[in-house]
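FYI, it's all coordinate maths here, none of it is from the lab. This structure is a prediction, so every number in the text was calculated from the model and none was measured. Every residue, glycine as well, gets a Cβ built from its backbone with ideal geometry; the counts of neighbours run over all protein chains shown.
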Amino acid sequence: MKPAQDEKGKSVRLLRIGEQVRHAMAALLARREIRNPVLENTIISVSEVRVTPDLRQAIVFVHPLGGPGLKVDEAAVLAALKENSRWLRGEIAKTLATKYTPDLTFRLDESFDAGAKIDAILRSPHVARDLNRP
């Protein structure tokens, strides 16, 4: 029997487990349970988790958020997450009902920047002029 897949061909099981890991990671970061000054003072958005088919690895895409006028050191955030990845994995293991808990690898999510760039292009006067034609 063939595993169920979504419209992009990804396994529904992998998507479900990735979403469970994402929710658990977001909850841990929101509760500020990690004793690290960089992570305690930064709001971190977990946008996606991609799990390998063998459930041994997970790539966690994060985006550190700063307020107006605040610059976030993204490299320091990634280093702090990597430093605490073992503890995070242990906490996530408590919420997952799987045989294995994936090792966590953290990467910056650049889709926010790409979306902002596209939005700026669409709002430019040159493009807006073409979009408003009947």
| remark: Highest GNM mean-square fluctuation among Pro64, Pro102, Pro37, for the chain with Cα springs under 10 Å, belongs to Pro37
| field | Principal-axis tilt of helix 85-95 within the chain, Cα atoms, nearest 10 degrees | value | 80
| remark: Ranked on Cβ counts within 10 Å of their own Cβ, fewest leading, His63, His126, His23 go His126, His23, His63
| request: Note the angle between two axes, namely the Cα long axis of helix 74-83 and the longest principal axis of the Cα atoms of the chain, as a number of degrees from 0 to 90, rounded to the nearest 10. | output: 10
| Which distance in nm do the two modelled labels at Ser47 and Lys71 give, with both placed 7 Å along the Cα-to-Cβ direction? | 2.1
| request: In a Gaussian network model over the chain where Cα atoms closer than 10 Å are linked, find which of Ile59, Ile118, Ile44 has the largest mean-square fluctuation. | output: Ile118
| field | the chain: angle of helix 111-123 to the longest principal axis, Cα-based, in degrees nearest 10 | value | 10
| query | Considering only DSSP beta bridges whose two residues both sit in the chain, what percent are antiparallel, to the nearest 5? | reply | 60
| field | Ala93 versus Ala116: modelled label distance in nm, points set 7 Å from Cα along the beta carbon direction | value | 3.7
